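K.L.:
Please find one structure pasted underneath; my questions will follow.
The values are calculated or read from the model by the stated rules, or taken from the named source; none is laboratory data. Note that the coordinates shown come from a computational prediction; the quantities given were computed from them, not determined experimentally. Using ideal geometry, Cβ is built from the backbone for each residue, glycine included, and neighbour counts are taken over all protein chains shown. Quick note on the areas: whole protein, heavy atoms, side chains included, nothing else; ligands and nucleic acids left out. Shrake-Rupley method; radii C 1.70, N 1.55, O 1.52, S 1.80 Å.
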Amino acid sequence: MAHAFRLVQPPPSAREEPTGAAHRIRANHETVEEDLLKLVLTLVELLRQLIERQALRRVDAGDLTDEQEEELGATLLALHDSLSDLCAEHGYALEDLNLDLGPLGPLLPRGD
C-alpha cells in the first residue's frame, strides 16, 4: 500500500499547468491482489483490536457474566489465531499489517 502512495503524484500547483496525460498507477495483476489482501487483513486486525479493547472495558466495568467473559475471550483468541494463520499462509506476519500514516504515525499500536 505504501508503494501505491509513492506512485501517486501530487496535483500541480496553481502556477504549474499539467503537461500531457494524467499520471496513472501502473500495477500488475499479482501486485494488486496482494496489496488488496494485505489491506483487508489490516482492516480485520484493526477491528479485532478495537473489539478486544471494548471487551476489556466491559469486563473492567463488570457488565459481563463469568460465562460471557470466557466465551468472549475464547472467541477473540480464535479470531487472533485465524488471522495469524491467514497471514502466515500468505507470507505475512501480524507486524507487517501496520500501515504507516506518515505524520499521524502507525495505524496499529506497537506491541499489540
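K.L.:
Output yes when any residue across the range 16-27 is modelled with pLDDT under 90, within 23 Å of the chain's Cα centre (by Cα) and among the acidic types (Asp, Glu), and no when none is.
P.N.:
no
K.L.:
Follow-up. Take the range 59-112 and flag every residue that is polar (S, T, N, Q) and either farther than 19 Å from residue 46 by Cα or open to solvent by 60 Å² or more (accessible area, probe 1.4 Å) (or both).
P.N.:
Correct list: 65, 68, 75, 82.
K.L.:
I've got another one for you. Collect the residues in the range 60-79 that are among the hydrophobic types (A, V, I, L, M, F, W, C), in a helix (DSSP H, G or I) and free of Cβ contacts under 8 Å to residues at least 12 places away in the same chain, keeping them in residue-number order.
P.N.:
Selection gives 61, 74, 77, 78.
K.L.:
Continuing with this model, one more query. Would you check which residues across the range 96-112 are among the acidic types (Asp, Glu) and more than 18 Å from residue 50 (Cβ to Cβ) and list them?
P.N.:
96, 100
K.L.:
I've got another one for you. Give all pairs with beta carbons closer than 7 Å in which a residue from the range 80-107 that is closer than 19 Å to residue 36 by Cβ meets a residue that is small (Gly, Ala, Ser) and part of a loop (DSSP other than H, G, I, E, B); count only pairs at least 6 apart in sequence or on separate chains.
P.N.:
87/93
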